[in-house]
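The values are calculated or read from the model by the stated rules, or taken from the named source; none is laboratory data. Please read all numbers here as calculations on a predicted model, not as lab measurements. Reconstructed Cβ throughout: ideal geometry from the backbone, glycine too, with neighbour counts over all protein chains shown.
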Amino acid sequence: MIEDLFGSKTRVKLLGLFYANPNRSFYVREITRKIDEQINSVRRELGNLLKIGIITSDTNNNKLYYEVNQKFEFYKPLLAIFGRAKSVTSGKATKSGMSSKSDPDEAAFESLGNVELALFTGQFTRDESSGIDLLVVGSVNQNKLDKLVNELEARESKEIRYTLLSRSDFDYRRQINDHFLTSVMNAKKQIIIDKNELVEA
């Protein structure tokens, strides 16, 4: 039904990818791999979405990256259709009444133990101000976390820099306005889990 409404299976997959990852940028071959569609079809639909204004593009390190346009007039209605339970806009965590479909990254992090906060930044959002790509807060199994990071590295085809903090360490760093934690909180990020609203709205 949604494919009929939006005219193309590839377009629907693209909208799902972009709106489920509102602060992430992707290049063409990465998109093709993630949605498992032919590159010509992907290029054509990316052009259509750019023309409408649903996504934006820019070049970095000789690669053309695409990202959802959060200033698009119908961003919120489309987010309600294609997004997920949590999204991040300009560093602020927002909840919307989106699909209840379980996010695979969320499920993977929840399997590590008591994860109170997990977020992507750095290479995932093309904002290197924090100096890391992944922050995990909570009490987790270190071996499982290492395995998950290895799986993410294989999936993303890049080395991932991560930091694990206990909740008490996180609270202490926030209390003293720790430079590192402040940088992460101010950086462009995509929240995977935030059980206790540790990312201030």
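Need pairs with beta-carbon distance below 9 Å; first residue at positive phi and not assigned by TED's automatic domain parsing to the domain that holds LEU17 and within the stretch 98-115, second of a type in the set (Lys, Arg) and modelled with pLDDT of 90 or more; sequence gap 6+ or separate chains.
GLY113/LYS144
Just the residues that are over 17 Å from the mean Cα position of the chain (by Cα), more than 18 Å from GLU128 (Cβ to Cβ), aliphatic (A, V, I, L, M) and not in a loop (DSSP other than H, G, I, E, B), please, taken from the stretch 155-193.
Within the stretch 155-193, LEU164, LEU165 meet the criteria.
So the check is Cβ under 6 Å with 6+ separation or different chains; which pairs have a first residue in the stretch 132-153 that's not assigned by TED's automatic domain parsing to the domain that holds PHE120 and among the hydroxyl-bearing types (Ser, Thr, Tyr) and a second one that's modelled with pLDDT of 95 or more and in a helix (DSSP H, G or I)?
Close Cβ pairs satisfying both conditions: none exist.
Show the residue pairs meeting these rules: Cβ distance below 6 Å; 6+ apart or different chains; first residue within the stretch 19-37 and farther than 17 Å from PHE82 by Cα; second residue basic (Lys, Arg) and surrounded by fewer than 21 Cβ atoms within 10 Å (Cβ to Cβ).
Listed by first residue and then by second, the contacts come to TYR27/LYS63.
Which residues, counting only those in the stretch 30-71, are surrounded by 12 or more Cβ atoms within 10 Å (Cβ to Cβ), under 24 Å from ILE192 (Cβ atoms) and not hydroxyl-bearing (Ser, Thr, Tyr)?
Across the stretch 30-71, the qualifying residues are GLU30, ILE31, ARG33, LYS34, ILE35, ILE54, ILE55, GLU67, VAL68, ASN69, GLN70.
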